[in-house]
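Engineer: Below: one structure in structure tokens.
The values are calculated or read from the model by the stated rules, or taken from the named source; none is laboratory data. Bear in mind that the values here come from a model prediction, so they are computed numbers and not experimental data. With ideal geometry, Cβ positions are generated from the backbone for all residues, glycine too; neighbour counts draw on all protein chains shown.
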Amino acid sequence: MNNPGTINALINVAQRPVFKGELVSKWRKTATCGGETNAEKCWCEPGRDGKCWQKSTRDDDVTPVDLGGQKVVLPGVHHILKGGEDSTGALEAIQRVYFNIGSCAEPCWVNHLADMRQVDPEQRGFGQTPFNIGQCRRDCPNFRAVEDRLQNVLDFFASAESDQSDLHAALANVRQAGSSGVAYTRADLVRDLETEFGEGAVGRGQLVFAENCARCHSSIPESEGGSFKNRDFAAASETHPRKVRADFLGNDQATPVTEVGTFRCRSLHSNHKAGNLYMESASVTLRERPIVADIPERDELKDGGRGYMRNVSLVNIWATAPFMHNNAIGPEICGKPANKANDFHRARYVDGNGKLLEQQPDCLRYDPTVEGRFDLYKLSMYELLHPKERGTKRTLTNADLLIDVGIRPLDGTTEKPLFGFGQVKIPAGASAGFLNGLMHKQLIGDLFLAKRHPDKLEAAGKAALVPTLQAMADEIIKNPSRFVEILREQRDFISANY
């Protein structure tokens, strides 16, 4: 897994922004299907009166949730995942988690996954196909069993279990556990921070946040809450039954990844595109987001609503470092177990040439205590504010990879590996990002056509690619063990076309 999206803490869920007017095509509950007999449009569970679903496209969805025994209706739908891709409703997003961990796998979704080794476009598994929610509901009883309980899960997420734990409160709990009756207030925390970072540091930090961060990391815009510079971002919500912090410290708006400046590949995944696996989990509105023009990839690799990141809430950020969607900013965390056989930490810091540094910075032993989490937060914040001191991290393969090329043309009556070899060795130390980002099926297919049927490439508008592809194919045939090196030598060509 080289394109990670770390798990977000679910904090103050009821304060999380929702979006009105989202155009959503999905299945919605209805009392009856009337005369509709097409199960792709409306379906009722056999033996259950009034338990029916109808597929429709609307822009008036809301999100009901229980808050302290009081039913509250949030006026819109949430945007969930790192790019806000899950955008048809909170209940649907919750249920998709069950699919991801294997629920209804055989009857519903494994046949929609792409087989990474299938390079024949005529065969099943060459590419993704959409997970069909209506079919899954009909064919998998577990789908319906989970679906019946989704509102309970959402209500739990909005319960006191998800209320914020401000740093001063967490530190107070630690002190009280050690010595009953010892108080520790927000004023005490401010005093300790200014002892550590200098007099007035907290005030200066508030100003920096208001001027540089709050336009994204506040759920209450200045048009509603007044100037950020005069805002108390810790103020309680008077309408919430438990008076949690009013501000979610994030607006969940989609921001072009070029403005965010982080690793863009996470924003370019295609799972929610039309025709792909989780198409039915994304709103029509999301897929119609404009292309981010200054992303360097070709349009067909950044269309369909891709190229954006959703900012995350900063509530409880002291407990969830390292930062960013892939934990890239902050120290590497490791366990340092006594038994070295249980040590799964991998070196990630590289030099300017992408090679692992001989001397790796020390990793930080995992410490889940309040003090340990706060120490990690401070180290991560230092890296955030001092980009030249961060170092560069990259995931490299730590073992040789042996991959069947998979092309075995029929030679008379026998299938034989293409050009006499059927396996490629990718040596340890290769960039996982380069390998995972490579559209290898298209490349392999075009290498094959360049040697056997170059006229087909020319007919497809790829005449300019043929000479380079033929030269690459000749080199690979001559020395298959250099496959990865040949790709590296042609990196600019491959990046531009594959």
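A quick yes/no check of all residues on (1) outside the structural domain of residue 442 (by TED's automatic domain parsing); (2) touching an Asp or Glu at 6+ places or on another chain (Cβ under 9 Å); (3) modelled with pLDDT of 95 or more:
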site	(1), (2), (3)
74	yes, no, yes
79	yes, yes, yes
88	yes, yes, yes
97	yes, no, no
100	yes, no, no
104	yes, yes, yes
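Engineer: Which ones in segment 255-265 are surrounded by fewer than 20 Cβ atoms within 10 Å (Cβ to Cβ) and either in contact with a helix residue (DSSP H, G or I) (Cβ under 9 Å, 6 or more places away or on another chain) or among the aromatic types (Phe, Trp, Tyr) (or both)?
Structural biologist: Listed by number, the residues that qualify are 256, 258, 260, 263, 264, 265.
Engineer: Given the criteria in contact with a Ser or Thr (Cβ under 6 Å, 6 or more places away or on another chain), surrounded by 13 or more Cβ atoms within 10 Å (Cβ to Cβ) and part of a loop (DSSP other than H, G, I, E, B), does residue 233 qualify?
Structural biologist: Taking the combined requirement at face value, the residue does not satisfy it.
Engineer: For segment 452-470, indicate whether the set of residues that are at pLDDT below 90 and buried (at least 17 other Cβ atoms within 10 Å of the Cβ) is non-empty.
Structural biologist: No, segment 452-470 contains no residue that is at pLDDT below 90 and buried (at least 17 other Cβ atoms within 10 Å of the Cβ).
Engineer: For residues that are in a loop (DSSP other than H, G, I, E, B), of a type in the set (A, V, I, L, M) and within 22 Å of residue 16 (Cα to Cα), scanning just segment 316-337, find the one that is farthest from the chain's Cα centre (by Cα).
Structural biologist: Here the residue is 321.
Engineer: Output the qualifying pairs, or none if there are none: Cβ atoms under 7 angstrom, residues six or more apart or on different chains, first residue in segment 294-309 and over 16 Å from residue 84 (Cβ atoms), second residue crowded, with 18+ Cβ neighbours inside 10 Å and among the basic types (Lys, Arg).
Structural biologist: Within 7 Å, the pairs are 295/264; 295/302.
Engineer: Just to be sure before I move on: is residue 181 in a loop (DSSP other than H, G, I, E, B) and either farther than 22 Å from residue 315 by Cα or out of contact with any Lys or Arg (no Cβ under 8 Å at 6 or more places or on another chain) (or both) in the structure I sent?
Structural biologist: Spelling it out, residue 181 is indeed in a loop (DSSP other than H, G, I, E, B) and either farther than 22 Å from residue 315 by Cα or out of contact with any Lys or Arg (no Cβ under 8 Å at 6 or more places or on another chain) (or both).
Engineer: Right, another one. Out of 210, 187, I need the residue that is surrounded by 13 or more Cβ atoms within 10 Å (Cβ to Cβ) and among the small types (Gly, Ala, Ser). Which one?
Structural biologist: Just a single option satisfies the conditions, and that option is 210.
Engineer: Among what's in segment 313-344 and is surrounded by fewer than 15 Cβ atoms within 10 Å (Cβ to Cβ) and of a type outside the set (A, V, I, L, M), pick the residue that is nearest to residue 163 (Cα to Cα).
Structural biologist: So the residue we want is 335.
Engineer: Now a separate question. Whether any residue in segment 3-10 is in contact with a Ser or Thr (Cβ under 6 Å, 6 or more places away or on another chain), surrounded by fewer than 19 Cβ atoms within 10 Å (Cβ to Cβ) and part of a loop (DSSP other than H, G, I, E, B) is what I want to check.
Structural biologist: For segment 3-10, residues in contact with a Ser or Thr (Cβ under 6 Å, 6 or more places away or on another chain), surrounded by fewer than 19 Cβ atoms within 10 Å (Cβ to Cβ) and part of a loop (DSSP other than H, G, I, E, B): present.
Engineer: Among the listed residues 233, 228, identify the single one that is of a type outside the set (Val, Ile, Thr) and touching a helix residue (DSSP H, G or I) at 6+ places or on another chain (Cβ under 6 Å).
Structural biologist: 228
Engineer: Need the failing condition index for residue 313 against (1) touching a residue at least 40 places away in the same chain (Cβ under 8 Å); (2) farther than 28 Å from residue 399 by Cβ; (3) part of a helix (DSSP H, G or I); (4) out of contact with any strand residue (DSSP E or B) (no Cβ under 8 Å at 6 or more places or on another chain), just the number.
Structural biologist: (3)
Engineer: Which residues, counting only those in segment 357-390, are farther than 12 Å from residue 321 by Cα, of a type in the set (A, V, I, L, M, F, W, C) and touching a Phe, Trp or Tyr at 6+ places or on another chain (Cβ under 7 Å)?
Structural biologist: Within segment 357-390, 357 is the sole residue that qualifies.
Engineer: Can you pull out the residues in segment 456-466 that are part of a helix (DSSP H, G or I) and either in contact with a helix residue (DSSP H, G or I) (Cβ under 9 Å, 6 or more places away or on another chain) or of a type in the set (Phe, Trp, Tyr) (or both)?
Structural biologist: Within segment 456-466, 456, 457, 458, 463, 465, 466 meet the criteria.
Engineer: Okay, moving on. Residues in segment 471-479: is at least one at pLDDT below 90, outside any helix (DSSP H, G or I), more than 30 Å from residue 346 (Cα to Cα) and not aromatic (Phe, Trp, Tyr)?
Structural biologist: yes
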